[in-house]
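I have placed the structure first, in the form of C-alpha cells, so that the comments after it can refer back to it.
The values are calculated or read from the model by the stated rules, or taken from the named source; none is laboratory data. Keep in mind it's a predicted model, so treat the numbers as computed, not measured. Here Cβ is always computed from backbone atoms with ideal geometry, including for glycine, and neighbour counts include all displayed protein chains.
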Amino acid sequence: MANTDPEPRENLLTSERGSPMQFMKEYLVFDSERDSLVRFRGPFIMPDWTGVEDNESDYVVTESWTALYHIANEYYGDTLKMWVIAARNHLDLPDAQLYKGMRLKIPNREWVENKLLIQAAQLRGATR
C-alpha cells in the first residue's frame, strides 16, 4: 500500500535561513520505487527586488581572482549568501565569472535580512 502521508518524514531538501533553496518551491511527488511521497524543489524563483535600489552599494571588482563568496563574506559574513549577489546581478552560479573593473550591486545586509529572507519564508509557507 502506498504511503500517502502529505508530510514525508524524510526530507533531504532542508534549507537554512538565507539559502537560495528558500526561493525554490517545494513539490510532493509519488516515487513508485520507494512507494512513498517525496519532496523536490522546482526552479529558482527570482526574488522581488522592489526597494533594493535605495538599500544597496556599488562594488567594483579590483582583482581578477575575486570570487563571489569573498564578497558575500565581506558584506554578509556568510559565503553561502553569494547567491544574493549573483541573483541581483544576473550572474550564473556556480560559475559566475568576475573580472577586474566589473561593477556589482550589493544589497545591504539589513535589506537582505528584513526583506529578502522574509520573502523566502513567505514563499515556503505558501507552498507547504
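Consider region 100-122 and keep the residues that are buried (at least 17 other Cβ atoms within 10 Å of the Cβ) and not β-branched (Val, Ile, Thr). The one that is modelled with the lowest pLDDT is ALA120.
Figure legend. Inter-residue proximity from region 58-77: first residues assigned by TED's automatic domain parsing to the domain that holds ASN114, second residues among the polar types (S, T, N, Q), beta-carbon distance below 7 Å, spacing 6+ or different chains. Indicated pairs: TYR69/THR79; ALA72/THR79; ASN73/THR79. Of all residues in region 78-125, exactly one satisfies the criterion of being in contact with a Lys or Arg (Cβ under 8 Å, 6 or more places away or on another chain) and either of a type in the set (Ser, Thr, Tyr) or in a loop (DSSP other than H, G, I, E, B) (or both), namely ASN89. If you filter region 78-99 down to residues that are over 14 Å from the mean Cα position of the chain (by Cα) and without any contact (Cβ under 8 Å) to a residue 12 or more places away in the chain, you find that the one that is surrounded by the most Cβ atoms within 10 Å (Cβ to Cβ) is GLN97. So how many residues does region 45-63 have that are loosely packed, with under 14 Cβ neighbours inside 10 Å and not in a loop (DSSP other than H, G, I, E, B)? Number of matching residues: 5.
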